[in-house]
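A short write-up of the structure that comes next.
No lab work stands behind these numbers, since they all come straight from the coordinates. Source: prediction; values computed, not measured. Glycine gets a Cβ as well: all are built from the backbone with ideal geometry, and neighbour counts include every protein chain shown.
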Amino acid sequence: MRVATRKLLCTFAVALATCGTVSAQNPSAAPYYQPLNDRLPPGYNAEILERVRRDGCFWLQPVRVELPTTGTVSVYSASPEPLKSDEAPSQFSVATGHLYRLRIAEMPEFPGVELFPSIEILDRLHPPEGLSESYPIPIVFEEEDLRAAVDGLLVTRVIYLERPQTAASTDPLRREKPLNVPPGGNAIEAAGQHGRPMVIVRLGGRVPSGPDTPALFFGSGGGFEPGEAIPSDAGVARIPRKRQKSVVSLQ
């Protein structure tokens, strides 16, 4: 059986730093044991980190889901009934240490297509008091990645908070410069060399199988709060860029 995968790292920074997307081609070997790996079953990495930090029950981290143009976004947490369904961009708050399932559909670029990506919340931000909803973690689904999932590939993204010392001060609030991590590499370890891993996004062709769908498919049961998406003119900027499509196949 032919299995194909595409790994990327996505960086962002908030507040007075910069936001964007970066990754590494050949991360250097770390001089320590790294128990976290994006190839672990969905939810394991977040659970490991939550056992160490134990702050998931006290904090819900806002995230913002964006599609190439328009479409709908639904959020699930351990139930086949969505907690929220609205038009993209969609913003809501979720608990660290947990896995959530999304449904994205009604996209004009993909008529009749439904995709069910998962988001694994590894860590949280520390925004100014009372302004947490102004600094969501951006989860951006690009047309290229959506098309790869429709074609049967698995796209894994690790979103991490960039270090202020290495963030480019001339960039706007979001920049995206994705690079591939080798299929045998550890994307979480590579992200950790540049900042703090925050979210693992897995996008593929897996869909619910009706009443036989395992409960964990819909997430691990973490907390949830709905929210309002930040207006597009509120300072969240994007730079048009060109990039080569790079898909690695494993036989």
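Assorted remarks:
- Remark: region 214-227, residue by residue, has Karplus-estimated 3J(HN,Hα) of x, 4, 5, 4, 8, x, 9, x, x, x, 7, 9, x, x Hz, where x stands for each Gly or Pro and the curve is 6.51 cos²θ - 1.76 cosθ + 1.60 at θ = phi - 60°.
- Here the residues M198, M107, ranked from fewest to most Cβ neighbours within 10 Å of their Cβ, fall in the order M107, M198.
- Cut-off under 5 Å, modelled amide H: who pairs with K84 long-range: V75
- Computed 3J(HN,Hα) for region 118-127, one whole-Hz value per residue from the Karplus formula 6.51 cos²θ - 1.76 cosθ + 1.60 where θ = phi - 60°, is 10, 10, 10, 8, 8, 8, 10, 8, 10, x, glycine and proline marked x.
- In sequence order, region 59-67 has phi-based couplings of 8, 10, 8, x, 10, 10, 9, 10, 10 Hz under the Karplus curve 6.51 cos²θ - 1.76 cosθ + 1.60, θ = phi - 60°, and Gly or Pro positions carry x.
- Amide H within-cut-off set for L36, under 5 Å, with H built and near neighbours excluded: none
- Amide proton proximity set for M198, modelled H, under 5 Å, gap of 5+: I159, Y160, L161
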